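Before any comments, here is the structure.
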Amino acid sequence: MIQNKGSDTLVNVAQAWAEEYAALRPGTAVAVTGGGSGTGIAAMINGTVDIANSSRKMKDSEIELARGNGNEPIEFVVGYDALAVYVHPDNPMDEISLEQLAALYGEGGDIDSWSQYGVEVPGCGSDEIVRVSRQNNSGTYVYFREAVLGDRRDFRLGSRDMHGSKDVVDLVENTPCAIGYSGFAYATDHVKMPCVRKGEDGDCVSPSVDSAIDGSYPIARPLFMYTSGQPEGVIREYIDWVLSDEGQCIIYEKGYAPRGDVDCS
Amino acid sequence: MSEVAHAADRRDAAWWIDRVVQILVLAGGLSAIVFIAGIFVFITREGAGFVFDRFDFREFFGSPRWTPTSSHNPTYGALALIAGTASVTGLAMVVSVPFSLGAAIYIGEFATGRVRETLKVLVELLAAIPSVVWGFIGLSIMNPLIIQTFDVPVGLNVLNAGVILGLMAAPIMTTIAEDALKAVPDTYREAAEAMGATRWQVTFKVVLPAARNGLVAATLLGVGRGFGETMAVLMASGHSINLPTSPFDSVRALTATIAAELGETAAGSDHYQALFTLGIFLFLVTFAINFAADVFVRGGQRKRRRRGRRPAASANP
């Protein structure tokens, strides 16, 4: 039994891998749990998991902690994910820049109402922007902070901190005033994803698997699996399979970008 | 040993069963003390590193900045979390006190026969609904309802969580309040009725004052329930660090913060210990509330015994 735990962004695809693998190798069972990248990394540090999934890199301090417990984390990039910005479908906003996002989410930011973005949102009489974010140990939260706010800037307090990738999309779907960020793979037909621009005159790129692959989408991030020490035996076989064309086609079908060119037709 | 003494010493099966049951019951009683002490020792030990090294009284109780995962400046201000828990619990009491006292008075003083029994069962059933179900009601029913009714941007706020929590606390408060009313001796009611009081006058002027301490205890236990509730508050409050200024502000509760963050922290880190410090604080507050409730219940019993003796003696010569 391989214990596989962590990232909420990766949990659906990890589940799909596990199911496919169980059909392929009935002898090896993979138990997948979500909970967030922090959960997986904490489990890796505490030595209670075979493979930790994470949507952010392990910090040096975390690697030190793990080593202290006799677990040497080995990193594998298993795919890439576009971090989409979500708004209500009635929201007329079609594009947003990283600077605008930082002024909304970052500490000391001065954007509080939709009219400051120059849009009027039907159904949102108060004009107030409902900022939807993630709990402070989620990999998505940490990546968004680094990519959008910068290394030295914190989030502004007062955002609604949801406990899962899907919860963000659910809340935005039901709240005309809301804006949130979450993995592209969690998109539904009931939310809208504005294109994202880096800098005032950069190209505005819509989140998609292709724009995450070619690197044109400004907030796409690698997704990781960590093992304790160089994997051996069944864990090695599983990781190799995840990184093979077969495994990479599954992550592609789930709405993420594979590591390199694969032919999945 | 004399014949008589030997005959009186009947160590048969019943005697042994009696001894064994006594020991088992004693162990059951002691286990409560062992568990509570064990829990206190555990959370104190896990949080101790933070309390002694990093704890800053002014920051913890005076700052709303709870940013334990900040990359360069982690801060551990719990003021917003305390305010969140207090505001939600406060509103919950505004909702549940009138409801549960009204229900207790009706069940205890006015309802009779089948109506009374049915109501009691229904109130107890209400207490059996899992908190995650309440949270789901808050998320999927109350949220859109509040947005539509009050035209506010988001319906996950103090109002939502307070109403949900009030409904959750009402059954236990009703049950305890009804017990307090039942504990008032019937001689009080009979004496008042003999003097020509109507049933409402009996209830309002005689029974309620006599049961006052028990009713306060019921309310305090409801407050304790509200303080400790986690899942429903996590789902319905919006989970947003905020000092609330209106019932329509989203807030974040102490318990919800622990639930959301504890699973994701490395054991032994500052963040982990800070969460346990929140746990110590919660433990102390709930302990104080339950202790106060206990003092009120005891106070009520003592007073009644003192006052109750004389009229009872003259009523049954």
**Report entry** Scope region A:180-209; condition touching a Pro at 6+ places or on another chain (Cβ under 9 Å) and either among the basic types (Lys, Arg) or not in a loop (DSSP other than H, G, I, E, B) (or both); matching residues
**Finding:** A:PHE184, A:LYS192, A:CYS195, A:VAL196, A:ARG197, A:LYS198, A:CYS204, A:VAL205, A:VAL209
Query - All positions within region B:260-301 that are facing another protein chain (nearest Cβ under 9 Å), in a helix (DSSP H, G or I) and closer than 20 Å to B:ALA232 by Cβ - result: B:ALA260, B:GLU261
Query raised in the report: Is it the case that some residue within region B:248-259 is open to solvent by 40 Å² or more (accessible area, probe 1.4 Å), within 14 Å of chain A (Cβ to nearest Cβ) and not charged (D, E, K, R)?
Result: yes
Report task. Would you check if A:THR188 is in contact (Cβ under 8 Å) with a residue 60 or more places away in the chain and of a type outside the set (A, V, I, L, M, F, W, C)? Result -> no
Query raised in the report: Residues in region B:58-92 that are open to solvent by 20 Å² or more (accessible area, probe 1.4 Å), within 14 Å of chain A (Cβ to nearest Cβ) and among the hydroxyl-bearing types (Ser, Thr, Tyr): how many?
Result: 2
Query raised in the report: List the pairs whose first member sits in region B:136-154 and is at the interface with another protein chain (Cβ under 10 Å from one of its Cβ atoms) and within 18 Å of A:ASP161 (Cα to Cα), whose second member is of a type in the set (Val, Ile, Thr) and outside any helix (DSSP H, G or I), and whose Cβ atoms are under 6 Å apart, counting only residues at least 6 apart or on separate chains?
Result: B:PRO153/A:VAL130; B:VAL154/A:VAL130; B:VAL154/A:THR175
Report summary line: Expected single match for within 18 Å of the chain's Cα centre (by Cα), surrounded by fewer than 18 Cβ atoms within 10 Å (Cβ to Cβ) and part of a helix (DSSP H, G or I) among B:GLU117, B:GLU124 is B:GLU124
Query raised in the report: among the β-branched types (Val, Ile, Thr), in contact with a strand residue (DSSP E or B) (Cβ under 6 Å, 6 or more places away or on another chain) and either more than 27 Å from A:VAL262 (Cα to Cα) or open to solvent by 20 Å² or more (accessible area, probe 1.4 Å) (or both), is that true of A:ILE74?
Result: yes
Report task. Test A:SER126 against the criterion of being of a type in the set (Ser, Thr, Tyr) and in contact with a Pro (Cβ under 9 Å, 6 or more places away or on another chain), and give yes or no. Result -> yes
Query raised in the report: Just checking, which of B:ILE129, B:ILE172 is within 18 Å of B:VAL233 (Cβ to Cβ), open to solvent by less than 70 Å² (accessible area, probe 1.4 Å), modelled with pLDDT of 90 or more and outside any helix (DSSP H, G or I)?
Result: B:ILE129
Requested in this report: Sort out which residues of region B:187-200 are over 25 Å from B:VAL97 (Cα atoms) and either open to solvent by 80 Å² or more (accessible area, probe 1.4 Å) or in a helix (DSSP H, G or I) (or both), and write them in order of number.
Outcome: B:THR187, B:GLU190, B:ALA191, B:ALA192, B:GLU193, B:ALA194, B:MET195
Query raised in the report: Hey, A:VAL196 hits all of (1) out of contact with any helix residue (DSSP H, G or I) (no Cβ under 6 Å at 6 or more places or on another chain); (2) among the hydrophobic types (A, V, I, L, M, F, W, C); (3) within 14 Å of another protein chain (Cβ to nearest Cβ) but one; which does it fall short on?
Result: (3)
Requested in this report: With the condition kept exactly as written, say whether any residue in region B:89-103 is more than 19 Å from the chain's Cα centre (by Cα) and either free of Cβ contacts under 8 Å to residues at least 40 places away in the same chain or part of a loop (DSSP other than H, G, I, E, B) (or both).
Outcome: no
Query raised in the report: Given the structure, is B:THR230 within 11 Å of another protein chain (Cβ to nearest Cβ), in contact with a helix residue (DSSP H, G or I) (Cβ under 6 Å, 6 or more places away or on another chain) and touching a residue at least 60 places away in the same chain (Cβ under 8 Å)?
Result: no
Query raised in the report: What are the residues in region A:40-56 that are in contact (Cβ under 8 Å) with a residue 12 or more places away in the chain and either farther than 24 Å from A:TRP241 by Cα or surrounded by fewer than 16 Cβ atoms within 10 Å (Cβ to Cβ) (or both), if any?
Result: A:ILE45, A:ASN46, A:GLY47, A:THR48
Report task. Please state which of the following conditions A:GLU107 fails to meet, knowing it meets all the rest: (1) under 25 Å from the mean Cα position of the chain (by Cα); (2) within 20 Å of A:LYS192 (Cα to Cα); (3) surrounded by fewer than 19 Cβ atoms within 10 Å (Cβ to Cβ). Result -> (2)
Requested in this report: Any chance you could count how many residues in region B:61-79 are within 15 Å of B:ILE258 (Cα to Cα) and in a helix (DSSP H, G or I)?
Outcome: 1
Requested in this report: State all residues of region B:233-246 that are in contact with a Ser or Thr (Cβ under 8 Å, 6 or more places away or on another chain), open to solvent by 10 Å² or more (accessible area, probe 1.4 Å) and more than 7 Å from every other protein chain (Cβ to nearest Cβ); if no residue qualifies, say none.
Outcome: B:LEU234, B:PRO244
Report summary line: Restricted to region A:126-163 and to residues being assigned to a loop (DSSP other than H, G, I, E, B) and more than 7 Å from every other protein chain (Cβ to nearest Cβ), the residue nearest to B:GLY263 (Cα to Cα) is A:SER138
**Report entry** Cβ pairs under 6 Å, 6+ apart, first in region A:57-73 and at the interface with chain B (Cβ under 9 Å from one of its Cβ atoms), second part of a strand (DSSP E or B) and open to solvent by less than 80 Å² (accessible area, probe 1.4 Å)
**Finding:** A:ALA66/A:PRO73
**Report entry** Top-ranked residue in region A:212-237 [being in contact with a Phe, Trp or Tyr (Cβ under 6 Å, 6 or more places away or on another chain) and surrounded by 20 or more Cβ atoms within 10 Å (Cβ to Cβ); ranked as nearest to A:VAL77 (Cα to Cα)]
**Finding:** A:MET225
Query - Subset of region A:194-211 (residues that are closer than 16 Å to A:VAL85 by Cα and either crowded, with 18+ Cβ neighbours inside 10 Å or touching a residue at least 40 places away in the same chain (Cβ under 8 Å) (or both)) - result: A:PRO194, A:CYS195, A:VAL196, A:ARG197, A:LYS198, A:CYS204, A:VAL205, A:PRO207, A:SER208, A:VAL209, A:SER211
Query - Matching residues in region A:166-181 - criterion: being within 9 Å of another protein chain (Cβ to nearest Cβ), in contact with a Ser or Thr (Cβ under 9 Å, 6 or more places away or on another chain) and open to solvent by less than 20 Å² (accessible area, probe 1.4 Å) - result: A:CYS177
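The values are calculated or read from the model by the stated rules, or taken from the named source; none is laboratory data. These figures come from a predicted structure and were not determined experimentally. Backbone-built Cβ (ideal geometry, glycine too); neighbour counts: all protein chains shown. Keep in mind that these areas ignore ligands, DNA and RNA; they rest on the heavy atoms of the full protein, side chains included. Shrake-Rupley method; radii C 1.70, N 1.55, O 1.52, S 1.80 Å.
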